[in-house]
Structure formats: C-alpha cells, structure tokens
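To keep things clear, I will list the structure first and then write my remarks on it.
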Amino acid sequence: MPQDFAPAAGSCACGAVRLTLQRPPLYVHACHCTRCQRETGGPFAHHAVVAWCDMTVQGEAPVFAAVPADSGTRHWVAHCPRCRTVLWNEWGSRRAVTRYVRVGVLDEPGRFPPLAHIFVRSKQPWVSLDGAAGFEGHYPADHWPAGSRDRWRQARKARQAERERPKAQRPLTVR
Ligand SMILES: [Zn+2]
Ligand SMILES: [Zn+2]
C-alpha cells in the first residue's frame with residue numbers, strides 16, 4: 001500500500017450514509033465461502049479489512065443486523081437505514097478492532113483489488129483467480145504484511161482504551 005494514501009470515500013446507494021477510509025486498508029481479500037455468497041447474492045464478498053480508527057462515517061448512522069456466521073456465532077452487518085445497502089460487517093462485537101468494508105461501496109473500488117482469495121474450496125467454478133493467491137480456507141494469521149499486523153496491534157490497543165472510556169466521551173464520527 002502506498003504511503004501517500006489519498007482518502008477513499010464511499011457511500012450507500014442513496015447517499016445517506018457516507019464513509020471515508022482515512023488510511024489504507026490493513027488487507028483486501030475476496031471471500032468465496034458459502035455464507036458470503038448467500039449474504040451478497042454474488043460469487044464472493046470483496047472486503048477491505050479496515051482498522052476501526054482508520055475510517056470515519058458521515059451522514060446518517062448506519063443500523064446493524066446480527067447475521068449468523070458459520071462459526072456458530074454471528075456478525076454485525078452495518079447497513080443504511082434508508083436504502084439498506086450493506087456497508088461493512090464486524091465480527092463478534094459492535095466495537096470490533098476491524099471492519100470488513102464492502103469494496104463495492106467505495107467510489108473507486110478499482111483501487112483495492114483483492115490480495116488473496118479465501119475459501120476457494122467453495123468458489124464458483126467459473127471464477128478465475130487470475131494468478132492471485134488462493135487459500136482453501138482462511139489464510140494463516142501471519143499472512144498479512146508486517147506493517148499491517150503492527151497497525152492492527154495499535155488499533156486493538158486504541159480500541160481497548162476507547163472501550164474503557166465512558167460512552168459520552170466516545171467520538172461520534174467513529175462508530
Ligand atoms: Zn442509503
Ligand atoms: Zn466469507
């Protein structure tokens with residue numbers, strides 16, 4: 001990812017909820033698991049994994065739906081309260097360290113091609129990976145570049161500090 005990152009804006013289909021990636025995603029992947037296929041209605045989900053503190057949300061507050069996940073738990077899916085476009089999801093907690101932003105909601109999705117394809121064991125047979133890295137299931141935890149793993153650790157620390165603050169003092173732009 002380039003150091004001189006130009007913020008990447010995006011929005012739902014009606015424009016009521018807007019978001020901006022202020023820093024590069026930690027990683028970008030395409031997930032071909034059957035859950036992602038069902039949730040998106042497409043052959044895979046194209047996700048930018050973004051640290052919670054690296055993106056801001058403008059306009060209306062997104063609403064969250066709890067959606068069952070394969071692990072037997074659920075994840076939280078953020079969508080626009082008006083047009084219901086899904087913007088991102090987060091695992092386990094509404095205050096997760098990372099958000100899986102749907103790359104298609106960004107104004108310039110072409111800036112964020114997938115760096116890896118995961119759960120290719122359930123990939124649609126007509127999808128070609130075009131030479132990109134493919135993993136049968138999830139990639140190993142150390143697959144991300146070292147810089148991204150460092151940034152993730154910093155984001156986790158910041159999230160922990162933020163969770164400990166009283167609700168009223170939490171920043172409103174980052175939900
Ligand atoms: Zn909308
Ligand atoms: Zn998936």
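The values are calculated or read from the model by the stated rules, or taken from the named source; none is laboratory data. Since we're looking at a predicted model, the values are computed, not measured. Positions of Cβ are backbone-derived with ideal geometry, glycine not excepted, and every protein chain shown enters the neighbour counts.
Observations on the model:
- Filter pass, ALA6 being in a strand (DSSP E or B) and either among the small types (Gly, Ala, Ser) or touching a helix residue (DSSP H, G or I) at 6+ places or on another chain (Cβ under 6 Å) (or both): no
- Filter result (at pLDDT below 95 and surrounded by 14 or more Cβ atoms within 10 Å (Cβ to Cβ)) within the stretch 116-131: LEU129
- Some residue of the stretch 89-98 being surrounded by 18 or more Cβ atoms within 10 Å (Cβ to Cβ), of a type in the set (Ser, Thr, Tyr) and within 16 Å of ligand 2 (Cβ to nearest atom): yes
- Filter result (in a loop (DSSP other than H, G, I, E, B) and either within 14 Å of ligand 2 (Cβ to nearest atom) or at pLDDT below 95 (or both)) within the stretch 13-37: HIS32, CYS33
Residues checked against (1) surrounded by 15 or more Cβ atoms within 10 Å (Cβ to Cβ); (2) touching a residue at least 40 places away in the same chain (Cβ under 8 Å); (3) more than 16 Å from ligand 1 (Cβ to nearest atom):
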site: ASP4; (1), (2), (3): no, no, yes
site: ALA8; (1), (2), (3): yes, yes, yes
site: LEU19; (1), (2), (3): yes, yes, no
site: TYR27; (1), (2), (3): yes, yes, yes
site: CYS33; (1), (2), (3): yes, yes, yes
site: GLY42; (1), (2), (3): no, no, yes
site: VAL50; (1), (2), (3): yes, yes, yes
site: MET55; (1), (2), (3): yes, yes, yes
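- Filtered residues of the stretch 38-47 (kept if in a strand (DSSP E or B) and either of a type outside the set (A, V, I, L, M) or away from ligand 2 (no atom under 11 Å from the Cβ) (or both)): HIS46, HIS47
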